[in-house]
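Data first, discussion second: the structure below is written as structure tokens.
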Amino acid sequence: LPRTQQKPAAAGNLKNGNNLFQGKCAACHGTRAEGNVALSSPRLAGLDAAYLRRQFQHFAQGGRGTDPKDTYGRQMAMMAKTIATPKDLEDVIAYIHAQGGAP
């Protein structure tokens with residue numbers, strides 16, 4: 001995705017967000033949310049917090065990642081269910097936001 005003008009930083013616990021992101025997201029999206037072309041994982045750094053939250057919820061609630069041909073989407077839908085609380089999601093988003101517009 002092209003770089004976007006980032007809105008004000010998302011609020012959250014960066015330490016918890018980093019721990020959750022590194023344990024659940026970094027293997028596909030990169031340690032600084034820079035994305036991974038080889039895995040078809042998009043860059044998350046630099047994206048708007050509301051957009052990240054909305055897309056995450058679409059995956060967690062079955063609006064995305066349900067097509068049997070969408071292997072990566074199905075993986076993301078499964079991983080979205082591992083973020084246990086709304087607070088944890090906000091912490092992860094705050095960590096992603098702290099990464100800025102990393103390429």
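The values are calculated or read from the model by the stated rules, or taken from the named source; none is laboratory data. Computed from a predicted structure; not experimentally measured. For the accessible areas, the whole protein counts, side chains as well, though only heavy atoms, and no ligand, DNA or RNA atoms are used. Shrake-Rupley method; radii C 1.70, N 1.55, O 1.52, S 1.80 Å.
Quantify, in whole percent, the carbon and sulfur part of the accessible surface of the chain (1.4 Å probe; protein heavy atoms only).
Working: 3550 of 6140 Å².
Accessible surface attributable to carbon and sulfur in the chain totals 58 percent.
If you count only protein heavy atoms with a 1.4 Å probe, what accessible area per residue comes out for the chain, rounded to a whole Å²?
Values: 6140 Å² over 103 residues.
I get 60 Å² per residue for this part.
Just to verify a number: what accessible area does GLU90 come out at with the full protein assembly present, 1.4 Å probe, Å² rounded to tens?
My reading of the accessible area for GLU90 is about 50 Å².
Can you give me the angle between helix 14-24 and the longest principal axis of the chain, using Cα atoms only, in degrees from 0 to 90, rounded to the nearest 10?
20
Round to the nearest 10 and give me the degree value, 0 to 90, for the angle of helix 49-61's Cα axis relative to the longest principal axis of the chain.
Tilt of helix 49-61: around 30 degrees.
If TYR72, TYR95 are ordered by their accessible area, calculated over protein heavy atoms with a 1.4 Å probe, which sequence runs from highest to lowest?
The ordering from most to least exposed comes out as TYR72, TYR95.
Taking 0.36 nm per residue of separation and subtracting the Cα-Cα distance, what length does fully extending TYR51 through LYS15 add? Walk me through the numbers on the way to the answer.
Details: separation 36, 0.36 × 36 = 12.96 nm, distance 2.18 nm.
Difference between extended and current length: 10.8 nm.
Working from Cα positions, state the angle (0 to 90°, nearest 10) between the long axis of helix 71-80 and the longest principal axis of the chain.
Between the helix axis and the principal axis of the chain, the angle is about 50 degrees.
Run lengths n ≥ 4 of DSSP H only: what is the helix-derived mean residue ellipticity at 222 nm for the chain, with -39500 (n - 2.57) per run over all residues, to the nearest 500? Please report the intermediate quantities before stating the final value.
On the way: 5 runs with 51 residues, N = 103.
Result for the chain: -14500 deg cm²/dmol, rounded to the nearest 500.
What length, rounded to one decimal in nm, is gained on full extension from ALA27 through to GLN61, with 0.36 nm per residue of separation minus their alpha-carbon distance?
Values: separation 34, 0.36 × 34 = 12.24 nm, distance 2.24 nm.
Separation in residues times 0.36 nm, less the Cα-Cα distance, equals 10.0 nm.
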